[in-house]
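Okay, structure first, notes after.
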Amino acid sequence: MSIENFPDWFGRYALATLAAVGGFLGKTIVDLVRSARGKKQHYHAELVQLQNLLNESWEIFATQNRLAQRLLGRLRNRNLGDTDGMIGYEKIFSKAFDSFTEEEKDLHEVIRGITKTSMFRVNQQMKEWCKRNNALKAGRLSISNIDDVSTKIKQMEHHLDLWLSKYHVWIEGHENHALVYMDDEHKHGIGFPKGINEIIDLAIEELE
């Protein structure tokens, strides 16, 4: 049977069917594009939040470190015991704790207070961020440096787990302890992953 012999109703039915299929495919494509765009925006927002937490964490660390250096300088000026920086701030401060002057006690308390409040809070927030971003840890995001992003996030989560564990046994109930370091002279764990800020910055730029 030639196409000229098909009844009119069949032609109208075929055209309607093709239009419906085309409309369905078009809608599917639009939905996929919207989903991909939404996923991209979601992870962009998550990485920006991590970037902000990393910046805040560094500012807290730098401020606390300056205060620790100031306290160490005061102890050295008084020739108080072993103040060799090579043995670490915590060991020096703990040994000198009972001999602190009032000013040194105040400074030590401020350093300890930063650990108990600002540093604990931001580390807890970064840990919660890691928990809800399993896709990034697993490398399930189409960006060029996803392997680096995944590796650094997993290293950061490991560091945070150890930091929070040490915090509870090192700070709570021990007034002579002020700092929680993982990769210092005591080697109680692994340090914060180096270069993570730059890697997260690159990922954010690609998602913009």
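Descriptive notes on the structure:
- Spread of Cα-to-Cα distances over 5 Å intervals beginning at zero, given as percent, for the range 40-207: 1, 8, 17, 19, 16, 12, 10, 7, 5, 3, 1, 0
- Label positions at V110 and E206, each projected 7 Å from the Cα along the C-beta direction, are separated by 4.3 nm.
- Under 12 Å, Cβ to Cβ, from N134 - net charge with Lys/Arg +1 and Asp/Glu -1: +3
- Note on K187: lysines with a C-alpha under 19 Å away, same-chain residues under 8 apart excluded, are K91, K95, K166.
- For the range 100-152, size of Cβ-based charge dipole, Lys and Arg +1, Asp and Glu -1, in debye: 580
None of the figures in this text is laboratory data; all of them are computed from the coordinates on show. Keep in mind that this is a model prediction, so the values were computed, not measured. Counting neighbours? That spans all protein chains shown, and the Cβs are built from the backbone with ideal geometry, glycine included.
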